[in-house]
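Remarks on the structure that follows.
We did not get these values from a lab; they are worked out from the coordinates using the rules stated. Quantities reported herein were computed from a predicted structural model and do not represent experimental measurements. Neighbour counts are summed over all protein chains in view; Cβ atoms, including those assigned to glycine, are modelled from backbone coordinates with ideal geometry.
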Ligand SMILES: Cc1cc2nc3c(=O)[nH]c(=O)nc-3n(C[C@H](O)[C@H](O)[C@H](O)COP(=O)(O)O)c2cc1C
């Protein structure tokens, strides 16, 4: 299975460790990873060149194209990110804004019609239910037929090392089960 991971943080913390366990179970045959905000495009400027001329005319094409190509080449697209103020981090939304053209209401891209998407989120305590919504909406409008999500409430601390072994073991078994569902 070819897999691309869009990491919503560069921190090697809770999101990272959960995602690493997921990949350890999944064992993709091919893996490409991006780390936001480092690999993210700047905010959409609203120039509309992507709509009016083509996506290659986006002023941020250098950052957007490698991510778009990797998504089109993957079987499984994974988004892994921490919850920021009850939603997805801004760098995730900023990336999604650059993929409006291939929405099936605009210029559908049939290569997206057989993808699967996994959304992994975690937060200190607040429920994660709204955090996957922007990604889910965008992926569905891109025509992705299967979008699965999983959320974790850390509860015991904000650093992976602060969380008790018992709790980390529970997380591990939950995310390994999730990975097996692909
Ligand atoms: C800017 C910011 C906003 C956050 N907002 C929330 C929040 O609304 N609810 C929550 O439970 N945790 C919140 N957190 C905690 C994160 O969801 C996450 O648990 C924490 O950053 C650890 O993840 P990491 O090790 O992957 O960086 C926030 C963290 C940051 C940095």
Can you tell me how many residues within region 112-146 are surrounded by fewer than 16 Cβ atoms within 10 Å (Cβ to Cβ), within 14 Å of the chain's Cα centre (by Cα) and within 16 Å of the ligand (Cβ to nearest atom)? 1
Given the conditions (1) in a loop (DSSP other than H, G, I, E, B); (2) under 20 Å from residue 12 (Cβ atoms), which single one is not true for residue 99? (2)
Taking the condition in contact with a strand residue (DSSP E or B) (Cβ under 9 Å, 6 or more places away or on another chain) and outside any loop (DSSP other than H, G, I, E, B), does residue 117 pass? yes
Evaluation of residue 13 against (1) surrounded by fewer than 18 Cβ atoms within 10 Å (Cβ to Cβ); (2) within 13 Å of the ligand (Cβ to nearest atom); (3) under 13 Å from the mean Cα position of the chain (by Cα) (one fails), failing number: (3)
Can you pull out the residues in region 17-43 that are within 17 Å of residue 88 (Cα to Cα) and in contact (Cβ under 8 Å) with a residue 40 or more places away in the chain? 18, 19, 36, 37, 40, 41, 42, 43
As an exercise: evaluate residue 71 against (1) more than 22 Å from residue 147 (Cβ to Cβ); (2) more than 16 Å from the ligand (Cβ to nearest atom); (3) buried (at least 18 other Cβ atoms within 10 Å of the Cβ) and give the number of the one condition it does not meet. (1)
Out of the residues in region 152-167 that are in contact (Cβ under 8 Å) with a residue 40 or more places away in the chain and not in a loop (DSSP other than H, G, I, E, B), state the one that is farthest from residue 77 (Cα to Cα). 160
Residues in region 93-103: is at least one touching a residue at least 12 places away in the same chain (Cβ under 8 Å) and within 14 Å of the ligand (Cβ to nearest atom)? yes
How many residues does region 41-82 hold that are under 17 Å from residue 134 (Cβ atoms) and within 12 Å of the chain's Cα centre (by Cα)? 8
Criterion first (under 23 Å from residue 24 (Cβ atoms), surrounded by 12 or more Cβ atoms within 10 Å (Cβ to Cβ) and touching a strand residue (DSSP E or B) at 6+ places or on another chain (Cβ under 7 Å)) does residue 149 satisfy it? yes
Scanning region 1-10 for residues that are touching a residue at least 60 places away in the same chain (Cβ under 8 Å) and within 15 Å of the ligand (Cβ to nearest atom), the one surrounded by the fewest Cβ atoms within 10 Å (Cβ to Cβ) turns out to be 9
Only one of 90, 54 is without any contact (Cβ under 8 Å) to a residue 40 or more places away in the chain, surrounded by fewer than 19 Cβ atoms within 10 Å (Cβ to Cβ) and away from the ligand (no atom under 16 Å from the Cβ); which? 54
